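*Asks:* Dropping the structure in here first, questions after.
The values are calculated or read from the model by the stated rules, or taken from the named source; none is laboratory data. Small disclaimer: the values here were computed from a predicted structure and weren't measured. Glycine also receives a Cβ, built like all others from the backbone with ideal geometry; neighbour counts cover every protein chain displayed. SASA here: full protein model, heavy atoms, side chains in, ligands and nucleic acids out. Shrake-Rupley method; radii C 1.70, N 1.55, O 1.52, S 1.80 Å.
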Amino acid sequence: MTKQKYALVFVLAFYLFTSVGFQLQPIKAAGFNISAIKSASSGLSREEEEILWLARIVYSETKRPEEQVLVAWVVRNRVESKYKGTSYKDVALHDSQFSGLNSFDKNYRYNITKNYNDKEEGWQSAVSVASAVYNADETLRPLSKDVKHFYSPISVRNKPSWAKGVEPIQVVRDPKNNVVRFAFYQDIK
């Protein structure tokens, strides 16, 4: 099976699992159980802390699991390439990278303080996606390693300057009205 097929299977399986009404179960990955993690950030292992920061980014961008998977992989691409930081926390807190994690955003405080035991819609899927992507084999990558940029045309009034004159390599459309919800870009400098 090719990388693209593995990635598609990963995304589709996750989407089907979460969209047909199953309760998300704690993911056991890399030797720990997410449901057993303490609610406070202090005392978390480095891996647990990194997954939490990845989940915060994902949650701040979208509550839809199928979109969360793609956003998480873009963030992983950034960390692995050391673009805007060398850790998920660095990438999350880099200025003007993720709308919901900018200090001027109305949801900033809410997004930046999310913890493993929070129950809001979309949060538990964000945690599950973050853990799955953080621990996933590279062959499951649904986007090229060069994809480090995305934006949501439904959330942002103006197209970012870095996206002007550049075609996205992938778009995610709302299945109900075909509106572009996310556009993903590669090789942006």
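*Asks:* Every residue in segment 39-87 that is touching a strand residue (DSSP E or B) at 6+ places or on another chain (Cβ under 6 Å) and among the polar types (S, T, N, Q), please.
*Replies:* Answer for segment 39-87, where residues must be touching a strand residue (DSSP E or B) at 6+ places or on another chain (Cβ under 6 Å) and among the polar types (S, T, N, Q): just 77.
*Asks:* Whether any residue in segment 118-125 is touching a helix residue (DSSP H, G or I) at 6+ places or on another chain (Cβ under 8 Å), at positive phi and touching a residue at least 40 places away in the same chain (Cβ under 8 Å) is what I want to check.
*Replies:* yes
*Asks:* Over 21 Å from residue 184 (Cβ atoms) and touching a strand residue (DSSP E or B) at 6+ places or on another chain (Cβ under 7 Å) - does that describe any residue in segment 94-107?
*Replies:* The answer is no; no qualifying residue exists.
*Asks:* Identify all residues within segment 76-106 that are more than 18 Å from residue 132 (Cα to Cα) and touching a Ser or Thr at 6+ places or on another chain (Cβ under 7 Å); write none if there are none.
*Replies:* 98, 99, 100, 101, 102, 105
*Asks:* Could you check segment 87-102 and list, in sequence order, the residues that are at pLDDT 95 or above, assigned to a helix (DSSP H, G or I) and open to solvent by less than 20 Å² (accessible area, probe 1.4 Å)?
*Replies:* Result: 88, 91, 92.
*Asks:* Is at least one residue of segment 73-88 free of Cβ contacts under 8 Å to residues at least 12 places away in the same chain and among the hydrophobic types (A, V, I, L, M, F, W, C)?
*Replies:* no
*Asks:* Out of the residues in segment 129-175 meeting the condition of being hydroxyl-bearing (Ser, Thr, Tyr) and outside any strand (DSSP E or B), tell me which one is surrounded by the most Cβ atoms within 10 Å (Cβ to Cβ).
*Replies:* Ranking the qualifying residues of segment 129-175, first place goes to 131.
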